[in-house]
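The values are calculated or read from the model by the stated rules, or taken from the named source; none is laboratory data. A quick note: this is a predicted structure, and the numbers were derived from the prediction, not measured. So basically every Cβ, Gly included, is an ideal-geometry build from the backbone, and we count neighbours across all protein chains shown. Surface areas here come from the heavy atoms of the whole protein model, side chains and all, with no ligands, DNA or RNA. Shrake-Rupley method; radii C 1.70, N 1.55, O 1.52, S 1.80 Å.
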Amino acid sequence: MSRVKKLIRQEILDLSAYPVPSAAGMIKLDAMENPYIWPAVAREAWADLLKDVPINRYPDASGEMVKDALREEMGVNEKYDILLGNGSDEIIQMLAMAVAKPGATILAPEPGFVMYKMIATFCGLNYVGVPLTADFELDEPAMLAAIEEHDPQLIFLAQPNNPTGNLWDETAIQNIIEASQGLVILDEAYTAFTDADHLALLEKYDHVLVMRTLSKVGLAGLRLGLLIGSKEWLSELEKIRMPYNINSLTQASALFALEHFDMLVMQTEQLRVDRVVLMNDLTAIAGLEVFPSEANFVLVRTPDGMARNWFQDLKEKGILIKCLDGGHPLLKNCLRITVGTTDQNERLVTALNEIAQSGSVQ
Ligand SMILES: *Cc1c(COP(=O)(O)O)cnc(C)c1O
């Protein structure tokens, strides 16, 4: 046995690395990024600011100014603390590490965000995925039964959910929270694209925290996520956070972006308008089922057996989306399309219409 195979934990050897396909030269509608860049004046002002960042020094370890700006922009009450992560992915990891006693369990509805399961594996926790119903609603009896059986330390509820795009019944969410003996994380990665908001649950339940990110609103390259909640929880999690996890360029850039947040809000407003247009256009394509979305992406289902073909045909036409067929039984024949610029959406719809009309492409 090689030393690698002997030393590395079996569950890590069994993993395949998170696949990120090359998108060089393609219309990129696969990763829920904001397709718009900033106006030239804003980019110049930002670059001016970055040239004075003291890159020879360690970053501000607490990120206090960034937290204040986030608090202001997101309307977070003073009585709650904020924890910063290098993307919300890192926050999920900190949460997992914090509760990783032998035998600890993470539970989440499925299909859901894949990193919950990946990070459970990284950190040596059990993972329990509870299937949603066929129309991607929470299966409340199944969730309650799984909570009873596994008594999970951590439950993740993404609202809107990725990759389905929908919001779940609020009463079901609260019944799940009330049944849980563990910590429940409301993952609001897509908060910019919906009016739903779960900050009020912090008031009602002291075992709930709300997680957000700047990635989907237009700053995916910065890697900045945040966790919002009571000092009691967050002061413990702070101990796990690497002191310099938010680098100086990210801090300076986030401060700049938050000062000019109206720029990003205008873009997300445009994406919300275009989401409706895109959904209507997709609905008109013969054989395509379109699921409701409160996020910056749309889940669709192709005629049986066509998802991989249509994905491949789109790729050949220079458009990259996400093929979810095979990822989870409930996602059979499903594709996920990120809302792009108005022009990109139109090109996608044109291409899909051509593909749908040409019938099965062998
Ligand atoms: C994208 C996403 C995240 C992670 O975002 P970061 O870029 O790591 O901040 C977390 N949760 C859900 C549901 C997501 O879709």
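This table checks each residue for (1) closer than 30 Å to Leu249 by Cα; (2) open to solvent by 30 Å² or more (accessible area, probe 1.4 Å); (3) at pLDDT 95 or above.
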position	(1), (2), (3)
Ala61	yes, yes, no
Ala69	yes, no, yes
Asn86	yes, yes, yes
Leu95	yes, no, yes
Lys101	no, yes, yes
Leu107	no, no, yes
Tyr127	no, yes, yes
Glu137	no, yes, yes
Pro141	no, yes, yes
From the list Glu232, Glu238, which one is surrounded by fewer than 18 Cβ atoms within 10 Å (Cβ to Cβ), touching a Leu at 6+ places or on another chain (Cβ under 9 Å) and not hydroxyl-bearing (Ser, Thr, Tyr)?
Glu238
Give all pairs with beta carbons closer than 6 Å in which a residue from segment 72-99 that is at positive phi and within 12 Å of the ligand (Cβ to nearest atom) meets a residue that is outside any helix (DSSP H, G or I) and not polar (S, T, N, Q); count only pairs at least 6 apart in sequence or on separate chains.
Gly87/Arg223; Gly87/Gly225
Inspect all residues belonging to segment 344-355 and state whether any of them is within 30 Å of Arg71 (Cβ to Cβ) and hydroxyl-bearing (Ser, Thr, Tyr).
no
For segment 143-164, which residues satisfy the criterion of being open to solvent by 50 Å² or more (accessible area, probe 1.4 Å) and among the polar types (S, T, N, Q)?
Gln153
Filter segment 207-216 down to the residues that are more than 15 Å from Ile82 (Cα to Cα) and more than 10 Å from the ligand (Cβ to nearest atom) and list them by number.
His207
Go through segment 23-58 and report how many residues are away from the ligand (no atom under 16 Å from the Cβ) and in contact with a Leu (Cβ under 9 Å, 6 or more places away or on another chain).
9
Yes or no: Ala192 within 15 Å of the ligand (Cβ to nearest atom), more than 19 Å from Lys117 (Cβ to Cβ) and assigned to a helix (DSSP H, G or I)?
yes
Name the pairs whose Cβ atoms lie under 8 Å apart, with the first residue in segment 15-41 and over 23 Å from Val298 (Cα atoms), the second within 16 Å of the ligand (Cβ to nearest atom) and open to solvent by less than 60 Å² (accessible area, probe 1.4 Å), and 6 or more positions between them or separate chains?
Leu15/Met118
Any residue in segment 72-84 that is at pLDDT 95 or above, touching a helix residue (DSSP H, G or I) at 6+ places or on another chain (Cβ under 8 Å) and among the small types (Gly, Ala, Ser)?
no
Has segment 175-194 got at least one residue that is touching a residue at least 24 places away in the same chain (Cβ under 8 Å) and at positive phi?
no
Listed residues Asn175, Asn161; which is within 13 Å of the ligand (Cβ to nearest atom), polar (S, T, N, Q) and at pLDDT 95 or above?
Asn161
What number of residues within segment 289-323 satisfy the criterion of being without any contact (Cβ under 8 Å) to a residue 60 or more places away in the chain, closer than 22 Å to Ala158 by Cβ and open to solvent by less than 20 Å² (accessible area, probe 1.4 Å)?
1
State all residues of segment 200-229 that are open to solvent by 40 Å² or more (accessible area, probe 1.4 Å), over 30 Å from Tyr36 (Cβ atoms) and touching a Ser or Thr at 6+ places or on another chain (Cβ under 9 Å); if no residue qualifies, say none.
Asp206
Could you grab me the full set of residues in segment 279-304 that are out of contact with any Leu (no Cβ under 8 Å at 6 or more places or on another chain) and in a helix (DSSP H, G or I)?
Met279, Asn280, Asp281, Thr283
